[in-house]
Amino acid sequence: MSQALLSVDNLSVDFSTYGQTHHVLKNVSLDVPARSQIALVGESGSGKTVTMKAIMGLLRQPPATIAGGRIFYDGRDLLTLPDKERLKLRGTAMSMVFQDPMSSLNPVFTIADQMTTILKYADRRLDRQRNGRDRLARVHEVLTQVRMRDPERVARSYPIMLSGGMRQRVLIAMALLSEPKLLIADEPGTALDVTTQAQILKLLKDLVEARGLALLMITHNLGVVRETSSYVYVMNKGQVVEHRPTAELFAAPREDYTKALIAAVPRLTGGTRFGTAEVAP
Amino acid sequence: MEFLAFLVRRVLWSLLVLVGLSIVIFAIARIVPGDPARMALGPTATAEQVADLRADLGLDRPIVEQYGRFIAGLARGDLGRSLLNERPVASDIRDTFAATFELVLFTIMLAFAFGVPLGVAAARWKDRWPDNLVRVFAIFCAVTPGFFLALLLQILAGYVLHILPTTGRLPPSMDFAADITGLVTIDGLLRGRLDVVLEGLRYLLLPSIALAAATMGQIARITRSSMIDVASQDYIEASRAFGVPERVRVFKYMLRPSFVPPLTIMGLEFASLIGNAFVVELVFAWPGMAAYGIRTILQKDLNAIMGVVMVSGVFFVLVNLLIDVLVGFVDPRVRIRGRRA
C-alpha cells in the first residue's frame with residue numbers, strides 16, 4: 001500500500017442494465033499524494049466520471065457493482081468502511097467541485113441557505129459544535145477566499161442573481177466549507193467562456209497551493225491538464241492507458257491513444273487534425 | 001421590496017382582468033338571443049307588461065348606460081333582483097357562496113394534504129410498490145366521476161354503516177346560525193361552539209371527499225412527476241455529494257422546486273370547483289352557489305345568472321392572484337425574472 005492520500009487500487013466497476021453486464025472500469029489504479037495536483041483525462045465515456053463517483057461513494061448500486069479493487073483514503077479502505085464512517089469523509093475530508101455552475105446550485109434557496117445547510121450537516125457528522133451565526137460567518141469567510149468582493153451580498157443572493165463565473169466560485173467555496181484535504185474537481189468551468197474558465201482554474205490552483213490541498217482534476221480538456229496538474233492519468237475504455245508526469249506526457253506521448261487525444265486539440269492556425277482515437281462504446 | 005413590487009404588479013393585472021371580465025359578462029348577457037323580460041313574464045304576458053318590465057330593468061336605455069348602471073351596482077354590491085321571485089340576487093349569492101366556499105375550501109385542503117405526500121412517496125420510491133400503488137390509486141381517483149363517488153359514499157357511510165350524515169350542513173336540531181362569515185366551522189369557532197365545529201366537520205366530510213378525489217389524484221400525479229424531474233437535477237446530486245442527508249434532500253431541496261406545478265393545479269381546481277360542485281351539492285343537499293347557479297340557468301333568471309358568473313369570475317381571479325403570489329414566494333426565479341422583464 002502506498003503512502004498517497006488517495007489511492008485507487010485495481011478498481012473494477014460493472015454496470016448491469018437490462019440483463020447485460022458492462023465492465024465499465026477495468027483494474028483502474030491511481031495515486032493522489034498529499035498536496036499533489038493530479039489530472040485524470042479521457043474522452044466522454046472513458047470511465048473518468050465513474051471513477052470519481054466511486055471515490056466519492058456516489059455510485060448508485062444497483063445498477064453499479066464494485067467488482068473488485070480497493071480505494072484507500074488516508075490508509076483506510078473506503079469500500080469496507082461502515083456507511084457512517086464513510087459519510088464523515090464525504091463533503092468534508094474529500095470534497096467535490098461541480099462542473100456546471102448553471103445547474104449545480106438549487107435555484108430556490110439563497111447561497112447562504114444552501115451553504116449553511118451543508119455546513120450544518122457536516123458539523124453534525126463530525127460532532128462539531130457551532131451555532132447558526134458562526135456557520136454564516138464561515139460561509140462569508142470561504143466566499144472571501146474565492147475572491148468575492150461582497151461576500152455578504154453574494155450569500156443573500158439566489159443563484160439566478162449571480163453570473164456564471166460567480167456561481168462557479170460559489171461551487172468552489174462550497175467544496176472548501178469543511179476544510180477538505182482532497183478536492184475532486186469535475187471539469188470546473190467547462191460551461192463557462194474561455195476567459196472566465198481560465199480565471200476559475202487559476203483561482204482553484206492558487207487555493208489548492210495556498211492551503212496545501214491535493215487536487216484530482218477530472219477533465220477531457222488537455223489544456224486544463226497542462227495548466228493544473230503535475231502528473232496525469234489517461235483513461236480510455238475504462239482503463240488507465242498511460243500515466244506520467246504532465247510535462248513528459250506532452251513532450252513525448254507514448255500511447256497511440258494519447259497521441260490521438262493531443263492531436264485532436266483544435267489549433268488556432270486552423271486545419272484541426274482529428275486523430276484516429278478509438279471512440280469508446 | 002422586490003417582493004412588494006411583484007405583488008403590486010400582480011394586483012394591477014388582476015384589476016385589469018376583472019374589468020375585462022365585467023365587460024364580457026355584460027356583453028354576453030345582452031347578446032344572447034331572447035328578451036329577458038319576456039322570458040321572465042312568460043308567453044301569456046301582454047306587450048305593455050313586457051315593456052314595463054323592460055323599463056323597470058333599464059333594458060330600454062342605451063347600452064353604455066346599462067353597463068354603467070351594472071358597474072355602479074357591482075360597486076355597491078347590488079346585483080339586481082331575481083326576475084322570478086324579486087329577491088335581491090346579492091343576498092342569495094352571499095348565503096349560498098359561503099356554503100360552497102366552505103365545502104370547496106375543505107375539499108382543497110383534503111386534496112392537498114393527501115395528494116402532495118402521496119406524490120412525494122411515489123417519487124421517493126419510484127418504480128417500486130409504493131409508486132405503483134399511488135399511481136393506480138391516483139388514476140382511479142382522477143377518473144371516478146364525482147356524482148358516482150358521492151352516491152357511493154352516501155350509500156356506504158350513510159345508509160349501510162350509519163356513521164356520517166348525508167344531507168345538509170348541520171343537524172336540523174342544532175340551533176345555530178352562521179352569521180359572521182357564513183362558514184359553519186369558522187363561525188362555530190368564533191362563537192366558541194365546539195359542538196357546532198365538530199358537527200360541521202362531520203357534515204363536510206362526505207361531500208368534500210367526493211369532490212376532493214379527482215383533484216387529489218391530479219395533485220399526486222403532478223407532484224410525483226415534478227419531484228422525479230427535480231431529482232435528476234445536478235443540484236440534487238451535488239447536495240448528495242456534500243453529505244446533505246436524504247430527508248433534507250427530499251423534503252427541502254426537492255420538494256420546494258417541485259411545488260409550483262401542484263400549487264398551480266390547486267389554484268385552478270379551487271376556482272373551478274366553485275362553479276362545478278353542483279352535482280355533489282345536489283346529491284348531499286348542500287345549499288351552495290353551484291347548485292343555485294344551475295337552478296338560475298334552468299329558470300333563465302338573467303340577473304341571478306350574471307351575478308353567479310360574476311362572483312365565480314371574481315373568485316377565480318382572486319384565487320389565481322393568491323396562487324401567483326404563493327408561486328413567487330416559493331420560486332424566487334418567478335419574481336426576479338418578472339422584475340427584469
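The values are calculated or read from the model by the stated rules, or taken from the named source; none is laboratory data. Just so you know, these numbers come straight off a predicted model, no measurement behind them. For neighbour counting, all protein chains shown are included, and Cβ atoms are generated from backbone atoms with ideal geometry for every residue, glycine included.
Somewhere in the stretch B:242-251, is a residue within 14 Å of chain A (Cβ to nearest Cβ) and acidic (Asp, Glu)? Scanning the stretch B:242-251, I find at least one residue that is within 14 Å of chain A (Cβ to nearest Cβ) and acidic (Asp, Glu), so the answer is yes.
Considering only residues that are among the acidic types (Asp, Glu) and in a helix (DSSP H, G or I), look in the stretch A:119-143 and name the one that is nearest to B:PHE242 (Cα to Cα).
Initial filter on the stretch A:119-143 (among the acidic types (Asp, Glu)): A:123, A:127, A:134, A:141.
The next check asks that each one be in a helix (DSSP H, G or I); those that pass are A:123, A:134, A:141.
Details: A:ASP123: 12, A:ASP134: 19, A:GLU141: 18 Å.
Only one residue tops the list, namely A:ASP123.
B:TRP286 fulfils the conditions (1) surrounded by fewer than 17 Cβ atoms within 10 Å (Cβ to Cβ); (2) not in a helix (DSSP H, G or I) except for a single criterion, (1).
Kindly provide the set of residues from the stretch A:190-239 that are within 24 Å of A:PRO180 (Cα to Cα), surrounded by 16 or more Cβ atoms within 10 Å (Cβ to Cβ) and of a type in the set (Gly, Ala, Ser), ordered by number. Within the stretch A:190-239, A:ALA214, A:SER229 meet the criteria. Please enumerate the residues belonging to the stretch B:201-241 that are within 14 Å of chain A (Cβ to nearest Cβ) and more than 24 Å from B:ASN132 (Cα to Cα). Within the stretch B:201-241, B:ASP234, B:TYR235, B:GLU237, B:ALA238, B:SER239, B:ARG240, B:ALA241 qualify.
Of all the residues in the stretch A:167-179, those that are in a helix (DSSP H, G or I) and under 21 Å from A:GLU209 (Cα atoms) number 9. When B:LEU189, B:LEU198, B:LEU263 are checked against the criterion of being within 14 Å of chain A (Cβ to nearest Cβ) and either part of a loop (DSSP other than H, G, I, E, B) or more than 25 Å from A:MET174 (Cβ to Cβ) (or both), B:LEU263 stands alone in meeting it. A:ALA173 meets each of the listed conditions (1) free of Cβ contacts under 8 Å to residues at least 60 places away in the same chain; (2) within 19 Å of the chain's Cα centre (by Cα); (3) more than 18 Å from A:GLY91 (Cβ to Cβ); (4) surrounded by 19 or more Cβ atoms within 10 Å (Cβ to Cβ) apart from (3). Could you check, for the stretch A:144-152, whether at least one of its residues is within 14 Å of another protein chain (Cβ to nearest Cβ) and in a helix (DSSP H, G or I)? No. Can you tell me which residue in the stretch A:95-109 is surrounded by the most Cβ atoms within 10 Å (Cβ to Cβ), limited to those that are more than 7 Å from chain B (Cβ to nearest Cβ) and in a loop (DSSP other than H, G, I, E, B)? Result: A:PRO101.
Listed by position, the helices (runs of 4 or more DSSP H) inside the stretch B:62-175 whose residues that are modelled with pLDDT of 90 or more and closer than 22 Å to B:ALA220 by Cβ number at least 1 are B:89-124, B:129-143, B:146-153. Checking each residue of the stretch B:132-144 against the condition of being crowded, with 21+ Cβ neighbours inside 10 Å and over 22 Å from B:VAL230 (Cα atoms) gives at least one match. For the stretch A:26-48, filtering for residues that are over 16 Å from A:PHE72 (Cβ atoms) and either of a type outside the set (Ser, Thr, Tyr) or surrounded by fewer than 19 Cβ atoms within 10 Å (Cβ to Cβ) (or both) leaves 12. Among residues of the stretch A:71-83 being free of Cβ contacts under 8 Å to residues at least 24 places away in the same chain and either within 15 Å of A:LEU215 (Cα to Cα) or among the charged types (D, E, K, R) (or both), the one that is nearest to the other protein chains (Cβ to nearest Cβ) is A:ASP83. Just to be sure before I move on: is A:THR92 assigned to a helix (DSSP H, G or I), of a type in the set (Val, Ile, Thr) and either without any contact (Cβ under 8 Å) to a residue 40 or more places away in the chain or facing chain B (nearest Cβ under 9 Å) (or both) in the structure I sent? So A:THR92 does not fit the description; no. Please pick out the residue among A:GLU179, A:GLU141, A:GLU152 that is under 19 Å from A:MET96 (Cβ atoms), surrounded by fewer than 20 Cβ atoms within 10 Å (Cβ to Cβ) and either modelled with pLDDT of 90 or more or of a type outside the set (Lys, Arg) (or both). Only one candidate passes the filter, namely A:GLU179.
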